[in-house]
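Just dropping this structure here.
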Amino acid sequence: MDEQRYLVTARKYRPSLFTEVVAQEHVTETLKNAIRMERLAHAYLFSGPRGVGKTTAARILAKAINCETPREEREDGAEPCCACDSFASFEAGRSLTVFEMDAASNNKVDDLRKLREKARIPPHGDQSKVYILAEVHLPPSLPCTALLQP
């Protein structure tokens, strides 16, 4: 029997370009300008209520940063091309440069140690490593100092 894979509707129809993101033009324009001017920060913090597109914006930014098509050939000079190998591997979940992690369920000291070990390995080629840590918050029962211990 064929195995059907369940996919949440929000993920099925998740935008894959900055222009497809709705009601967040101020965010998408800021990110596109950073890409165009090659003035990317080493970290971005997306915050806001549930469902506004924080993880979606982070995923599109990761695709645009590692897009193999030169910026001059891309639409708007910043959008990911959606045709290169980097994009295809990211969409298939087998990217070696983009890591998405649910930080709410991976909040133990050992999980952070594994993340630090992964970060030591440099990316291949001219690409950048991107870590998307979704749902970053602490449960009330876990003290902050537990995450900072070596």
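Restricting the search to segment 1-28, which residues are open to solvent by 70 Å² or more (accessible area, probe 1.4 Å), under 17 Å from the mean Cα position of the chain (by Cα) and of a type in the set (S, T, N, Q)?
Selection gives THR19 alone.
Identify the residue in segment 58-86 that is open to solvent by 30 Å² or more (accessible area, probe 1.4 Å) and part of a helix (DSSP H, G or I) and, among all such residues, is nearest to LEU45 (Cα to Cα).
Here the answer is ARG59.
Report whether or not LEU31 is in contact with a Pro (Cβ under 8 Å, 6 or more places away or on another chain), open to solvent by less than 50 Å² (accessible area, probe 1.4 Å) and closer than 18 Å to ARG71 by Cβ.
Considered against the rule, which asks whether it is in contact with a Pro (Cβ under 8 Å, 6 or more places away or on another chain), open to solvent by less than 50 Å² (accessible area, probe 1.4 Å) and closer than 18 Å to ARG71 by Cβ, LEU31 comes out as no.
Moving on to the next point. For the structure I just gave you, tell me whether PHE46 is within 19 Å of HIS124 (Cα to Cα), open to solvent by 20 Å² or more (accessible area, probe 1.4 Å) and among the aromatic types (Phe, Trp, Tyr).
Answer is no for this residue.
Report every pair of residues separated by at least 6 positions or lying on different chains whose Cβ atoms are under 6 Å apart, first residue within segment 3-27 and under 15 Å from ARG50 (Cα atoms) and modelled with pLDDT under 90, second surrounded by 11 or more Cβ atoms within 10 Å (Cβ to Cβ) and not β-branched (Val, Ile, Thr).
none
Filter segment 90-117 down to residues that are of a type in the set (D, E, K, R) and modelled with pLDDT under 85 and give me whichever is least open to solvent (accessible area, probe 1.4 Å).
Restricting to residues being of a type in the set (D, E, K, R) and modelled with pLDDT under 85, the top hit is ASP102.
The values are calculated or read from the model by the stated rules, or taken from the named source; none is laboratory data. Not measured: the values here are computed from a predicted model. So basically every Cβ, Gly included, is an ideal-geometry build from the backbone, and we count neighbours across all protein chains shown. Ligands, DNA and RNA are excluded from the accessible area calculation, which covers all protein heavy atoms including side chains. Shrake-Rupley method; radii C 1.70, N 1.55, O 1.52, S 1.80 Å.
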